[in-house]
Amino acid sequence: MTETSHIRIARHLVAIVAVTFGLLTIWSGGTVLFGGEEARQAVGDFIPFVVWSNFVAGFFYVVAGVGLWQGWEWARWVAVAIAGGAAGTYLAFGLHVLQGRPYEMRTVVALAVRTGMWIGIAVFAFRLFDSLKDA
């Protein structure tokens with residue numbers, strides 16, 4: 001099956017979401033990590049490993065988005081790795097919370113959104129490239 005204009009538009013929209021989210025993630029994580037004490041105090045009880053994980057992942061979000069935009073099949077594997085990394089970070093965060101350590105509720109929400117979004121993007125990418133192969 002060749003890529004229809006509807007599929008191309010969907011692929012490009014998903015790519016735009018991935019790149020935009022990646023750039024925002026790099027910016028927000030970088031602000032906390034490198035912005036000084038005032039920036040860290042502004043976010044409250046942040047967990048350094050979560051911020052570092054998200055910051056580094058932001059670069060991969062951009063790579064996956066560019067790959068999806070270009071229609072490069074390897075982008076689906078990057079999306080799977082990102083989803084797995086997000087789930088792993090979420091799990092480690094859960095252990096942090098179970099140990100009674102401080103955290104912000106917005107971290108719970110942010111990790112759920114990141115993990116869910118990247119699982120969705122990975123599923124989309126796999127279905128997209130599998131449908132193009134079946135042609």
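The values are calculated or read from the model by the stated rules, or taken from the named source; none is laboratory data. Remember, predicted model here, so these are calculated numbers, not experimental data. Here Cβ is always computed from backbone atoms with ideal geometry, including for glycine, and neighbour counts include all displayed protein chains. Accessible surface areas use protein heavy atoms only, side chains included; no ligands, DNA or RNA. Shrake-Rupley method; radii C 1.70, N 1.55, O 1.52, S 1.80 Å.
Below are the figures for this structure:
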| read-out | value |
| --- | --- |
| Principal-axis tilt of helix 5-34 within the chain, Cα atoms, nearest 10 degrees | 20 degrees |
| Inter-label distance for F59 and F124, nm, one decimal - labels placed 7 Å from Cα along Cα-to-Cβ | 2.4 nm |
| Most mobile of V43, V123, V78 in a GNM of the chain (Cα contacts under 10 Å) | V43 |
| Span from the segment 112-135 Cα centroid across to the segment 51-67 one, whole angstrom | 16 Å |
| Cα gyration tensor shape for the chain, rounded if a/c is under 1.5, else prolate or oblate | prolate |
| Only Lys, Arg (+1) and Asp, Glu (-1) charged, at Cβ; the chain dipole about Cα centre in debye | 180 debye |
| Full-stretch length increase - L33, A81 - with 0.36 nm per residue and alpha-carbon distance subtracted | 15.0 nm |
| In order through segment 52-58: 3J(HN,Hα) via Karplus (6.51 cos²θ - 1.76 cosθ + 1.60), integer Hz, x for Gly, Pro | 4, 4, 5, 4, 5, 4, x |
| Highest-fluctuation residue, V66, V17, V108 considered, GNM on the chain with Cα pairs under 10 Å | V108 |
| Segment 85-133, accessible area per residue, ligands and nucleic acids excluded (1.4 Å, Å²) | 55 Å² |
| Spin-label pair A92/I16, simplified geometry with 7 Å Cα→Cβ offset, distance in nm | 3.4 nm |
| 222 nm mean residue ellipticity, helices alone, for the chain (DSSP H n ≥ 4; -39,500 (n - 2.57); rounded to 500) | -29000 deg cm²/dmol |
| Positive-end residue of H6, V17, W118, charge dipole of the chain with Cβ unit charges | H6 |
| Most mobile listed residue (E38, E73, E104) in the chain, GNM with C-alpha springs under 10 Å | E38 |
| Portion, in percent, of the accessible area of the chain that falls on carbon or sulfur, probe 1.4 Å | 70 percent |
